[in-house]
Amino acid sequence: MDPSSPVADLTAFFIQEIGALLFGIVFLFLYRQSRVVYFGLWAIAWVLRFVAAALGYELLRSGQWGYLAPYAVFEFAFAIVLIAAARAGFSSSMRDWRTVLRLIAILPIFVALVYALGWYSRLEAYHASHALVLCFVYFYNFLTLRKNAGVGARVFRFSLVVLAAAFLEHAVILLYLYNSGSAPAWARYLHHETYYDFALHCVLAFAAMAMWSESQIDRIGDLTRELDHLRREVQHSLDLDRLTGLFNQSALAARVEGQNGFDGVVAVCDMDNFKEINDRYGHLVGDEILRNVGHLLRASIRLEDEAFRWGGDEFVVLFHNQQTTIAARRMAEIDARLHEFRVRGFGVLPISFSWGTADAQGRPLREALDEADQAMYTLKRSRAAESPAGQRATSPQ
């Protein structure tokens, strides 16, 4: 068939040019926003398709067969770039160019075959072979893309399958028209086929936009979770006492003023004669004692319990869902272990602390804390009355 025949409807190529320009802009935008190679290669492919549509228009308008070779080159380049996109996937770099280079190497052979097909046969045969190539390309993209959970990704992959099926149908119908010699029929079919190809590619482009939007939403969600994690870590570090590793006075104040109730036992303990130890052995020894007392408290309580450094040498322990007798026994065990406390360079220093407990069941935590604090001072005064002041600050053994 003469390509200049009046039955050749040139409107199809106008639609292809408009569509290629629109889809190229969409995928270029997606690439600039995401830097995903897959979107960038699709943008390049649509630029090639735009040039191919312009050459196809000139081929049918002028009837000069010299346009067939460059037309086939750009149409085949469109297919090569889409295969490269499938090989790249949604990564930020191209992993394997070997398949693409092999396809480029056979480009001259393909162009020669297409030119011979167009010269010795009719254009419907060329369009049938071209439709088969595009069917393979779209189905290959469908197979190589990973399955994402988002709606946009599912619609994108479904659009690829539908387009592959549509181009397979085009190939079958055009081959039938070629064999039947219905020249006007293939031109009219090409005209109508262009419209629903344009519609399917619009769905594909909008699905790509939705897929990118979903990835951005997922990324924002990941960043939000990371920020929440960092915020909790920062807050946790602000609530910690650097010397002992226990919660600090601010954390205790927030716990007391908080709306969450507390069921359990409050214990308050204070080092005995700690000022004399600091004066006699120095503040470095005093800091080491406080640091080890903090380690001892953390090692002696359960994971659900909380230990605070209230200030100076005074500590608070919250025993969750615990009985007073058990909490008191635990504090006595800690006190006994302090008698065997060793300081580097000084040997054993028989350290002790006074402590008091109070049941916080059914009342504000502040009241229980005040009661335990008073009980601690009562024990401290009784010990001071029994022994001379500073008796605990003995010489090293």
* Structure fact -> If we ask which residues in segment 55-79 are among the charged types (D, E, K, R) and surrounded by 21 or more Cβ atoms within 10 Å (Cβ to Cβ), their number turns out to be 1
* Structure fact -> Matching residues in segment 345-377 (closer than 19 Å to LYS275 by Cα and open to solvent by 40 Å² or more (accessible area, probe 1.4 Å)) number 3
* Which numbered condition ASP263 fails, given (1) under 19 Å from ALA327 (Cα atoms); (2) among the acidic types (Asp, Glu); (3) buried (at least 17 other Cβ atoms within 10 Å of the Cβ) -> (3)
* Take the residues in segment 310-335 that are over 38 Å from the mean Cα position of the chain (by Cα) and in a strand (DSSP E or B), then tell me which one is nearest to GLN249 (Cα to Cα). => TRP310
* Report, by residue number, each residue of segment 314-335 that is open to solvent by 10 Å² or more (accessible area, probe 1.4 Å) and touching a helix residue (DSSP H, G or I) at 6+ places or on another chain (Cβ under 9 Å). => GLU314, GLN322, ARG330, GLU333
* **Residues located in segment 250-276, provided they are under 44 Å from the mean Cα position of the chain (by Cα) and in a loop (DSSP other than H, G, I, E, B)** => GLY258, GLN259, ASN260, GLY261, PHE262, ASP263
* Qualifying position, being at pLDDT below 80 and within 30 Å of GLY24 (Cα to Cα), among LEU204, LEU190, LEU200 -> LEU190
* **Any pair with Cβ under 6 angstrom, 6 or more apart, that starts in segment 203-230 at a residue that is open to solvent by 50 Å² or more (accessible area, probe 1.4 Å) and ends at one that is modelled with pLDDT of 90 or more and assigned to a helix (DSSP H, G or I)** => VAL203/SER159
* Selected residue (criterion: farthest from the chain's Cα centre (by Cα)) from residues of segment 289-304 that are part of a helix (DSSP H, G or I) and of a type in the set (A, V, I, L, M) -> ILE289
* Asked: Can you find even one residue in segment 161-180 that is assigned to a loop (DSSP other than H, G, I, E, B) and either open to solvent by 70 Å² or more (accessible area, probe 1.4 Å) or modelled with pLDDT of 80 or more (or both)?
  -> no
* Asked: What are the residues in segment 125-160 that are β-branched (Val, Ile, Thr) and open to solvent by 10 Å² or more (accessible area, probe 1.4 Å), if any?
  -> VAL133, THR144, VAL151, VAL155
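The values are calculated or read from the model by the stated rules, or taken from the named source; none is laboratory data. Values in this document were obtained by computation on a predicted structure and should not be read as measured data. Cβ coordinates were reconstructed from backbone atoms using ideal geometry, including for glycine residues, and neighbour counts include every protein chain displayed. What goes into the accessible areas is simple: the full protein's heavy atoms, side chains included, and nothing from ligands, DNA or RNA. Shrake-Rupley method; radii C 1.70, N 1.55, O 1.52, S 1.80 Å.
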